[in-house]
Structures are given as structure tokens and as C-alpha cells.
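This report concerns only the one structure given below.
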Amino acid sequence: MVKKTELAKDIFLYTVTNGHMSFSAMNLGCTLTNLLVPNKNGGLTDILLGYDTLAEWRAGTEAHNAIVGRVANRIGGAQFVLDGKTYALNKNDGENCLHGGFNRFEKMLWQGEPISSAEGEGVRFIRTSAAEEQGFPGNVQITITYRLTAQNKLLLEYTATTDAPTPINLTNHAYFNLNGAGNVLGHHLQLDCDEVLEIDDNLIPTGSILPVVGTAFDFRTEKLIGRDIIQMDARIGGGYDHCFVTHANETEMVRAGKVRSDQTGICMEISTNQRGLQVYTGNYLSGIQGKGGMIHQKYDGVCFETQRFPDAVHHAEFPNCILQPGETYHAKTMFSFTLH
């Protein structure tokens, strides 16, 4: 079932339920506002951080549960060269461009509509990103789909076409907390990732891909998120903000890992067709007021941003991130929920 509610002029909230769990999403930024998942006590836990009011969603600066693009993550030097032309972007992260710059997709209005298919019910958001928006070339038609299956799987799909070559890398910046409150250091995390991208002091990939074995990035065997977090370099706020390498190749979806909570019994498995999985432990959440008036602290949420490799425009050795006319960009991610 899909329920549509008007929040303000031209802003609508879509709530989708399968009788067991539900999610809500609004057309402001294709933002997931709530994700209510069954817990081991027979109730429901909202496992997404966020806000209580539309005014707070509009004012938020941390991309809570929204679509980020046209190129997610960082572009070093806030510029790139394509077909001999240099494109200048916003420097909103030191000298770099982060999540599209100052004019982010998360604050834009999208056209929404309920959908129903054999895979489940949900909502589709559509928007055209005009040429030169955020500094990128090409008029890009983007479709974002969120769908809930009867098996308690949340499916996210992103497609895009363009009339001129352009970089494209879309993701959802959901902040998960399987307990609904507190920090995520006690969450158990396991990743099917043997490698991680090396980054410099500004969180920009160097181009090297490093094995995780013997490092704090080794989640191949399940461990607590907080077990090795104190080993992380102070330059990244003492937490994870790194792109792990999955076994996907943008065709078929593969399992990327899982995270679970002893407190609620909720287990979330992550599958994707994307090569990169940015794991971010909410290193800069301190002082942000969230749902119920809660003042968040560092590590109160964890993001699993499935995506293409960051800064791929500067690394020929990375998989291609340029969308050409006549091609269709198609990213797909699934979060599957069970009790353990």
C-alpha cells in the first residue's frame, strides 16, 4: 500500500508498507524520512536518523537519507577535464567538490508517483538535471525508484540518460542506526570486500587499491564497528569514511555485506551492482539535533553508500564514470531485513 500526504506546496510524502515494515520518502531530495523495521521484541524500530519537521529537513546539511549527485563523493580540486574542456565545480569541501557542491540534489524538488510491480510497491522520482547544473555538462534525465518487497527487502534503483558526455555517480546517503538511538559502535559489521581505496589527507583517492588484510579495514570476518575505529587516522575524524571494493561490475547484483544489532535483533544485508561501497561512520554528526529532539554525537549513524569509485574523473585506472549519449546508467542496491 502507498499513501501520499502533502507536507507543503509541491512537497509530498509517500509511505509504503507491506504489512510488516514500511518506509516513507518525500520528493524533496528523494529523501527517505523513516524506515520502520520489525525488531526482536515484536515492535518496530525506525532505523534511519533524520528530523521531525520539514523545516529541519530543509535546513539539514548532512544529506540525511537523500539522493546525492550528479557525482556523489569527492572530486579532487573541484574540477575535471572532459573531451579537452575543463569544468569548474563548487569547492564545498576545502579545495574539493563533495556530493555535487552547494546546489545539491537533496534540496531539489523531484516529480514523484506511486508505483506497483511484481517486485513490490513503492515510489518513483524523476527529474532533469540541466546542462551546467552544478557545473556538469549535458542534460541528464534521472529516475530514482524505491520499492518494498513482500520479503522485507528495500530496493533502490537509479537510472540516467544524457544528451552529452558527463560524469555520473548517484547514491543514497542514508544514516542507519539499527538500535534507533545511541551510537553504532556495537553494531556487528561484515563486508565481502577484500580491498579498499587508499586516500590522501583530504580523503581523495590516490589511485592505489589496497588489501584490507591485517588492517582496521578488514571486515571480511564479522567484527564490531568500534573494535578498530580508534586506529583510524585523526585526519578523518577518527572514523571510517572510505570506499571499499565490492565484487560487483555494474551488471548483476552481488552481496556486499551485512550489519546487525544485538539490541534489536535487526540484521540488514547489503547487495549492489556497484563497484564501490563507501562506509561512513557519522564522524561529523556531533551537535546535530535529530528525531525526538535527540542531539546526535559522533558515530550515531553509519552510511553504506553504494557507488562508483570517488574521483574517478581523475583516475584512468578506475572503472569508467562517464555516461555517453545513447547509454543508460543503471545502479541498483538492495537492503534485506531479517531477525537474528
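Before moving on, here are some points about what is shown:
- Normalised by 2.2 N^0.38 Å, where N is the number of residues, the C-alpha radius of gyration of region 209-340 stands at 1.17.
- Whether region 86-210 is rounded, prolate or oblate, judged on the alpha carbon gyration tensor where a/c under 1.5 counts as rounded: oblate
- For region 85-141 versus region 255-291, the spacing of their alpha-carbon centroids is 22 Å.
- Both radii are taken from the alpha-carbon atoms of region 74-157; with Rh as the Kirkwood radius, Rg/Rh is 1.11.
- A cut-off of 5 Å between modelled amide H atoms, ignoring neighbours fewer than 5 places along the same chain, links LEU7 with PHE12, LEU13.
- Cβ charges +1 (Lys, Arg) and -1 (Asp, Glu), total dipole of the chain, debye: 780
- Prolate/oblate/rounded label for region 1-65 (Cα gyration tensor, a/c 1.5): oblate
- Cleavage-rule hits (trypsin sites (Lys or Arg not before Pro)) in region 114-223: DSSP loop, at most 14 neighbouring Cβ within 10 angstrom: ARG220
- For the chain, calculated [θ]222 nm from helices alone, where every DSSP H run of n ≥ 4 adds -39500 (n - 2.57): -500 deg cm²/dmol
- Rounded, prolate or oblate (a/c below 1.5 giving rounded, otherwise prolate when a/b exceeds b/c) for region 30-135 by Cα gyration tensor: prolate
- Sites GLN111 and GLN231, calculated FRET efficiency, Cβ-Cβ separation with R0 41 Å, nearest 0.05: 0.35
- Counting Lys and Arg as +1 and Asp and Glu as -1 over every other residue whose Cβ lies under 10 Å from the Cβ of GLU113, the net charge comes to +2.
- For the chain, the alpha-carbon coordinates run over 59, 50, 38 Å along the three principal axes, in decreasing order.
- All-pairs alpha carbon distance profile, region 232-300, 10 Å steps from 0, percent: 18, 32, 37, 13, 0
- A 1.4 Å probe run over the chain, with the rest of the protein chains in place, finds 38 Å² accessible per residue.
- Within the accessible area of region 54-100 (1.4 Å probe), percent carbon and sulfur: 47
The values are calculated or read from the model by the stated rules, or taken from the named source; none is laboratory data. No experiment lies behind these values; they were computed from the predicted model shown. With ideal geometry, Cβ positions are generated from the backbone for all residues, glycine too; neighbour counts draw on all protein chains shown. These area figures cover heavy atoms from the full protein model, side chains too; ligands, DNA and RNA do not enter into them. Shrake-Rupley method; radii C 1.70, N 1.55, O 1.52, S 1.80 Å.
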